[in-house]
1. Take each of the peptides 68-78, 4-14, 208-218, average the number of other beta-carbon atoms within 10 Å over its residues, and list them starting from the highest.
2. Note the full-extension length gain between ARG217 and ASN27 as 0.36 nm times their separation in residues minus their Cα-Cα distance, in nm to one decimal.
3. Just grab the label-to-label distance for GLU41 and ASP365, each label 7 Å out from Cα along the Cβ direction, in nm (one decimal).
4. Working from Cα positions, state the angle (0 to 90°, nearest 10) between the long axis of helix 124-134 and the longest principal axis of the chain.
5. At what distance in angstrom do the alpha carbon centres of region 242-265 and region 336-412 lie from each other?
6. What residues from region 322-355 fall in the zone where the backbone N is under 17 Å from a label point 7 Å along the Cα-to-C-beta line of ALA385?
7. Rounded, prolate or oblate for region 1-153? Axes are the square roots of the Cα gyration tensor eigenvalues, ordered a ≥ b ≥ c, and the cut-off for rounded is a/c under 1.5.
8. Taking 7 Å along the Cα-to-C-beta vector as the label spot, tell me the MET320-SER304 distance in nanometres, rounded to one decimal.
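What follows draws every value from the coordinates through simple rules; no lab data is involved. Just so it is clear, the model here is predicted, and its values are computed rather than measured. Ideal geometry is used to build each Cβ from the backbone, glycine not excepted, and the neighbour counts take in all protein chains shown.
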Amino acid sequence: MMPSMMDVLPNGEETGDFFAVDIGGTNFRVILVSLSEKRGEVARFEMEEFAIPEEYFSCHADRLFDLLADSLVTFAKRYGFSGNRTAPVGFCFSFPVDQTAVDAGTMIKLTKKFDNEGFVGSDPVQMLQRAILRFKAPFKVVALLNDSVGTLAGACYEDPNAKVGVILGTGTNACYVEQVANIATLAKGSTKRQTMVVNTEWGNFTAASLPITEVDREMDETTPNAGEYHFEKMVSGMYMGEVARRIILRLAEEAQLFGPSVPDELRVEWALSTPAMSKIVEDGSWTLSRTAQILAETLHLPPSRCTYSACSTVKAVCLMVSRRSAALVAACLAGLLCHIGRDGSNGAMQETTVAIDGGLFEHFDAYREFLSEYMEQMLGPEVAAKVQLKRIRDASSMGSAYLAAAVTASSE
């Protein structure tokens, strides 16, 4: 767990115009929010999403930051920003960073597709600020955060009960509001406030109690970060379909699931995506015709091999993988809620919001039901009824702008 250095969160009382830049994958976003005098009201929201050209994944980091700054400046002009004052910017930078202040940190390592010289060891805030200055633009980066902190901030602006932020998408992470006195790794005098957001980095969680299977280990060995991020590889959208494919392949090899021969496409790594797997889980037809169609499309199987028995087995595997993910996430969430005293153990039943963003949670309806089911099992129905799992769309982007507003307000 790592302190985010974010010791202030939005409360809906912030006003003014704020920008945000949000980068974490193959795209990035630029955002403008205008917060009105009315508490918790957004008077204006503008957002544009940009694809990152392929050459920017391997160019020098300065070129990538020039792209971000240029897009911010162009975006601001397009939406009428006069530039007669310095505008605060929140920077959502979803890469491993050793954060040393609300607006400072050191890049630890590159992830995803990025392989840029000049990144590791640098401060992403300073790099973006220098790029902005090269364009002679009136912006100041005031907040550095990752997507889980952005998700929490996105909820806090409207909901004072928000205490946990979660990403459930291609990857996974979570953050929560912690008492500063409980953060042992925080240098004395780092803040005068009583609470701070802590990044759990739970995607990289590994423990003897984590039910890692032989299939998990086999898949892990094929990944670029083998030996790391075991929890993420068991629960996130990047990997769930592949886990299911490997189990189905074993059944095809050892139990002739699709007949005497194994479909060639089934041997192809990543041939079964998590979105396809989710559709199989949610196939409610009596004949499992949707499952048969997906198998035909993804594995190029003829209809004669997509028998009801085979489809039923495939659905059971996909259901098992999905439920395992939801159960593990629920266990970690229950642990966090217990840690911060929101599990009813102190006798007080408090309303608590867990803000969640990410495609796995947003688009996989059955998954949301599984997660709620396991939360009730672990917390009990009375406590679970007080915990709202709240979907926050575009949370990291909105939250970045909200945090820029909160940081600005706290310094005035």
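1. Ranked from most to least packed, the peptides come out as 4-14, 68-78, 208-218.
2. 65.3 nm
3. 3.5 nm
4. Approximately 60 degrees, to the nearest 10.
5. Taking the Cα centre of region 336-412 as reference, the centre of region 242-265 is 38 Å away.
6. 343-345, 347-353
7. Working: a/c = 1.81, a/b = 1.28, b/c = 1.41.
Oblate shape, in that a/c is at least 1.5 and b/c is the bigger or equal ratio.
8. Each label point is offset 7 Å from its Cα along the Cβ direction, giving 2.9 nm.
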